[in-house]
Amino acid sequence: MSSDRLTELQNQISELTFKFYTFLGIIQRDSPSVSLDTQLNHPPDSSEEDLLKFDTQTKDFAVQIAKSSRAIHDVRYSSDFPTQSSQLIQSLPGSSSTEEEQVKEMERLEEENQVESDKLKERVDKAEEQLNKIREMDY
């Protein structure tokens, strides 16, 4: 399992992207050729079986992409069982907050960060002082 919720969501989006580009590659590779000149009456290059296989393949991939998209996007897949993706989106910090609440939270976090940064700087300064005292004792 991924280290955090955002990483899990990114992994699901990456999976969707992979499916989408694979689908495009299959369309490019397997699509039946079509004459650009509508005046000419060329027989099709693909057999009926190939066309049916291509049609089935594209429908299958379209369904997979739609399901992956729905799983990431929808609030619920069904009324009783929320999807893992939906839970991830809903559990992200700030997803249900207003912009003003998010700004206040960012300001609070910045202040907290500054306090901790100051504490760290004090500890580093004390450690450097002690290191200098130890060095003076050696000489």
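The values are calculated or read from the model by the stated rules, or taken from the named source; none is laboratory data. Note that the structure is a prediction, hence the values are computed from the model and not measured. Cβ: placed from backbone, ideal geometry, glycine included. Neighbour counts: every protein chain shown.
The table below lists the values:
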| read-out | value |
| --- | --- |
| Candidate set from the range 42-68 (those that are surrounded by 14 or more Cβ atoms within 10 Å (Cβ to Cβ) and of a type in the set (G, A, S)); member that is modelled with the highest pLDDT | S68 |
| Residue match in the range 93-107 (condition: modelled with pLDDT of 65 or more, surrounded by fewer than 10 Cβ atoms within 10 Å (Cβ to Cβ), more than 30 Å from N11 (Cβ to Cβ) and not hydroxyl-bearing (S, T, Y)) | yes |
